[in-house]
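The values are calculated or read from the model by the stated rules, or taken from the named source; none is laboratory data. All values reported here derive from a predicted model rather than from experimental measurement. We place every Cβ from the backbone using ideal geometry, glycine too, and count neighbours over all the protein chains shown.
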Ligand code: CP
Ligand code: NVA
């Protein structure tokens, strides 16, 4: 096959960056782009705007309309150093539904910090992709990724927090309760990454957040102080779940042993006696209380089968909202 002597200029492959739309390879700063690492990196107006956008794009997708393709021609790298079902599927599907292509990188593909340094991964992936989503163990890894990537980085869960989950939870509460502001959310269980994201949301949007956990399993003290000193929300950390749930709009639960702590599961099961969300606890909460759980749930451990299957349980609409909340987070991250 002989090559044409002259390729028409419009089709000629250039070795230089286009001046109108620079490829991520040539990006140096993040002007107009935003990492999404902690809820508290944003003000109330921005969080509410993202949630409004989530509802808007959700309605569009639910109507069957597939003409909104803001991610057309864009690619996303998804790094997972821990297992996932919801996060992987909702990010990959959401990005595809809005026109983009997502690439899954599992624990064996990257081996963050072992096969390669995080700062090298960040720079290499920035050359191929328009956005990076990552689920990692150490929180410092997501900070390092964001620092060295020239494209936006989205936190898909770390040992410290899970901001995308809490955006989906906020959207779900707005849909079911009518608003987030002024509601009483009572988390029962381990003071873990989910609780930290609730606390960071409470430092931006006013509501009443209570964490009822066994002694010794309280959330990070600095994060509690940050939420309290913001002076926006009422924050309570207690060891009494029965007292805590009274008047709740939402009773929220999560596993007692998070990813990375599964070898402590038996010990934790003993320590968390009295912290299971069962029908008696939901009765104490009152008839208006919804039950939420970020999932995966260990039925019969932190929550009973009856509660998760009850008419007050909104765990599946909550899980579905991961996709819609994250679509809006990605739109914001890309400045679209
Ligand atoms: N809630 C949540 O993040 O679920 P996965 O661990 O399945 O992604
Ligand atoms: N706290 C749980 C949340 C899972 C979505 C964990 O980190 O395993």
What number of residues within the stretch 277-310 are within 25 Å of the chain's Cα centre (by Cα) and over 24 Å from residue 85 (Cα atoms)? 1
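For (1) within 21 Å of residue 297 (Cα to Cα); (2) buried (at least 22 other Cβ atoms within 10 Å of the Cβ); (3) at pLDDT 95 or above; (4) within 23 Å of the chain's Cα centre (by Cα), each residue gets a yes or a no:
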{"residue": "202", "(1), (2), (3), (4)": "no, yes, yes, yes"}
{"residue": "210", "(1), (2), (3), (4)": "yes, yes, yes, yes"}
{"residue": "214", "(1), (2), (3), (4)": "yes, no, yes, no"}
{"residue": "224", "(1), (2), (3), (4)": "no, no, yes, yes"}
{"residue": "239", "(1), (2), (3), (4)": "no, no, yes, no"}
Scan 134, 77 and give me the residue that is within 16 Å of ligand 2 (Cβ to nearest atom), in a strand (DSSP E or B) and either surrounded by 19 or more Cβ atoms within 10 Å (Cβ to Cβ) or within 19 Å of the chain's Cα centre (by Cα) (or both). 134
One residue is enough: does the stretch 92-110 have a residue meeting the conditions in contact with a helix residue (DSSP H, G or I) (Cβ under 8 Å, 6 or more places away or on another chain) and either part of a loop (DSSP other than H, G, I, E, B) or within 16 Å of ligand 2 (Cβ to nearest atom) (or both)? yes
Pair list, Cβ < 9 Å and 6+ apart or interchain, from the stretch 293-305 residues that are over 15 Å from residue 188 (Cα atoms) to residues that are more than 9 Å from ligand 2 (Cβ to nearest atom) and part of a strand (DSSP E or B): 305/299
Taking the stretch 144-165 and keeping residues within 12 Å of ligand 2 (Cβ to nearest atom), farther than 16 Å from residue 80 by Cβ and surrounded by fewer than 24 Cβ atoms within 10 Å (Cβ to Cβ) leaves 160
Among the helices (runs of 4 or more DSSP H) lying completely within the stretch 245-336, list those that include at least 2 residues that are farther than 27 Å from residue 42 by Cβ and in contact with a strand residue (DSSP E or B) (Cβ under 9 Å, 6 or more places away or on another chain). 279-285, 305-308
Quick one: how many residues across the stretch 186-200 are within 16 Å of ligand 1 (Cβ to nearest atom) and either within 29 Å of residue 45 (Cα to Cα) or surrounded by fewer than 21 Cβ atoms within 10 Å (Cβ to Cβ) (or both)? 8
